[in-house]
Amino acid sequence: MAELSEEEGKLAVQIARKVVDELVKNGKRYELKEVPKSFKEKRGVFVTLEEYPAHELRGCIGFPEPVAPLIDALIDSAISAASRDPRFSPVKGGEVDKLTVEVSVLTPPELIKVNNPKEYPKKIKVGRDGLIVKKGWASGLLLPQVPVEWKWDEEEFLSQTCWKAGLPPETWLSPGVEIYSFQGQVWCEEKPRGKVVRKELS
């Protein structure tokens, strides 16, 4: 599946911004009739909202798997990030102008195969990969930009993804764990309603 172009990436952020604005200010779902062909392909996507200028997380929800056309997944993710993230209260009208919008378009997750769990750090790369850790009912995901922003190495990235799943940090060394990697293209507003740029991860 081809990567999105710069124009398409910027459009994704612009659409997500309009979705959040329409929901928060008018209580309505923003819809589009015409979108580029690439937005009709099934892709994983996450929408992240951050408080500006502190870069404090305000909501982040998405679709890890390519289960829906990008445009549908993008709209649903933007609505969820603003109103359904269980870690936060719904975004209110006075807040929306103080938030930046970020969109991560993902490749399908692939199972990382190893003979020994100690091989995992060599199979992933900070600045390239996002991770999903699964064990039993538990599952946790961290986007590719997260370890870069927090300056984690590969082992810390694995541990933090386990923690995100509600598991002990060392769970990635245990039997019965499945770890998946994926990559992403990330675009974000430099400031609320500001210029949209590609976020370099490495």
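Here are a few things to note about the model shown:
- E95 paired with K191, simple spin-label distance in nm, labels 7 Å along Cα-to-beta-carbon: 2.2
- Paramagnetic reach from E7 (point 7 Å along Cα→Cβ, amide N under 15 Å) across region 27-60: 35-39
- Counted by neighbouring Cβ atoms within 10 Å, the residues I61, I75 run from fewest to most as I61, I75.
- Rounded to 10°, Cα long-axis angle of helix 6-26 versus longest principal axis of the chain: 70
- Calculated mean residue ellipticity at 222 nm for the chain: -8500 deg cm²/dmol, from DSSP H runs with n ≥ 4 weighted as -39500 (n - 2.57), summed, divided by the residue count and rounded to 500.
- Helix 70-83 axis versus longest C-alpha principal axis of the chain: approximately 90°, rounded to the nearest ten.
- Within region 121-202, the chymotrypsin sites (Phe, Trp or Tyr not before Pro) that combine a DSSP coil assignment with at most 10 other C-beta atoms in a 10 angstrom radius are W137.
- Gained length - K37 relative to K118, 0.36 nm times residue gap less alpha-carbon distance: 25.0 nm
- Virtual spin-label span in nm between L111 and A138, 7 Å along Cα→Cβ: 2.0
- Backbone N atoms of region 5-25 closer than 19 Å to the 7 Å Cα→Cβ label point of E200 belong to residues 5-7, 9-10.
- For region 113-202, the set of GluC sites (Glu not before Pro) satisfying both a DSSP loop assignment and a count of at most 16 other C-beta atoms within 10 Å is given as E190, E200.
- Size of region 121-181 as Cα extents on the principal axes (Å, biggest first): 28, 20, 16
- Evaluating kT/(6 pi eta Rh) at 10 °C and 1.306 mPa s, with the Kirkwood radius of the chain over Cα pairs in the Stokes-Einstein relation, gives 92 µm² s⁻¹.
- Peptides 97-103, 7-13, 193-199 ordered by average Cβ neighbours within 10 Å, highest first: 97-103, 7-13, 193-199
- Here the relative contact order of region 110-182, from alpha carbon pairs under 8 Å that lie six or more residues apart, stands at 40 percent.
Read-outs: derived from the displayed coordinates by stated rules, not from any lab. The shown structure was predicted, so the numbers you read here are calculated from the model rather than taken from an experiment. Cβ coordinates were reconstructed from backbone atoms using ideal geometry, including for glycine residues, and neighbour counts include every protein chain displayed.
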